[in-house]
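Below is one structure, written out as structure tokens, with a few remarks after it.
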Amino acid sequence: EVARQYARLFLTYAQKHMHCMSDVFRDINSLRTMAHDIFEPPMTFEVALCAPQTNAPTGPNEWQPSDRRQWQKVWKSSFKQAHVLNRSALLSSMTTDMKHDV
């Protein structure tokens with residue numbers, strides 16, 4: 001079943017990237033990402049994880065960043081173009097971005 005799913009996803013990918021596909025696919029990072037997406041199940045989206053958190057009374061407060069470094073962390077996107085190929089990474093970066101978009 002996993003091999004069949006992998007074959008379907010690889011075919012879809014190959015059709016989308018027909019202009020750069022050949023007998024040898026040299027983009028090892030994309031291959032690794034596709035294999036990771038197949039053999040390690042993707043996480044599911046949880047709305048509750050998108051809410052900013054307040055840790056212990058003396059810990060970081062994501063609702064009210066206290067210093068410049070925390071503000072930079074809040075406003076910086078964790079999205080990378082490679083996340084498009086990996087559902088788990090895409091969901092994780094979306095969750096982080098939604099959490100920081102308060």
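See the values below:
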{"item": "Ser77 being of a type in the set (Gly, Ala, Ser) and modelled with pLDDT under 70", "result": "no"}
{"item": "His19 being assigned to a helix (DSSP H, G or I) and either surrounded by 10 or more Cβ atoms within 10 Å (Cβ to Cβ) or modelled with pLDDT under 70 (or both)", "result": "no"}
{"item": "Complete set of residues in segment 73-86 that are surrounded by fewer than 16 Cβ atoms within 10 Å (Cβ to Cβ) and either closer than 15 Å to Asn29 by Cα or small (Gly, Ala, Ser) (or both)", "result": "Ser77, Ser78, Lys80, Gln81, Ala82, Val84"}
{"item": "Candidate set: segment 41-60, residues that are in contact with a helix residue (DSSP H, G or I) (Cβ under 7 Å, 6 or more places away or on another chain) and farther than 18 Å from Asp101 by Cα; chosen: the one modelled with the highest pLDDT", "result": "Met43"}
{"item": "Any hit, segment 81-95, residues being modelled with pLDDT of 80 or more, in contact with a Cys (Cβ under 6 Å, 6 or more places away or on another chain) and part of a helix (DSSP H, G or I)", "result": "yes"}
{"item": "Close pairs from segment 71-90: first in contact (Cβ under 8 Å) with a residue 12 or more places away in the chain, partner open to solvent by 40 Å² or more (accessible area, probe 1.4 Å) and of a type in the set (Val, Ile, Thr), Cβ under 6 Å, at least 6 apart", "result": "Ser78/Thr96"}
{"item": "Residue check, Asp37 part of a helix (DSSP H, G or I) and modelled with pLDDT under 80", "result": "yes"}
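The values are calculated or read from the model by the stated rules, or taken from the named source; none is laboratory data. If you're wondering where the values come from, they're calculated on a predicted model, not measured in any experiment. A quick note on method: Cβ atoms are made from the backbone with ideal geometry, for glycine too, and the neighbour counts reach across all protein chains shown. In case anyone asks, the SASA skips ligands and DNA or RNA and just uses the protein heavy atoms, side chains included. Shrake-Rupley method; radii C 1.70, N 1.55, O 1.52, S 1.80 Å.
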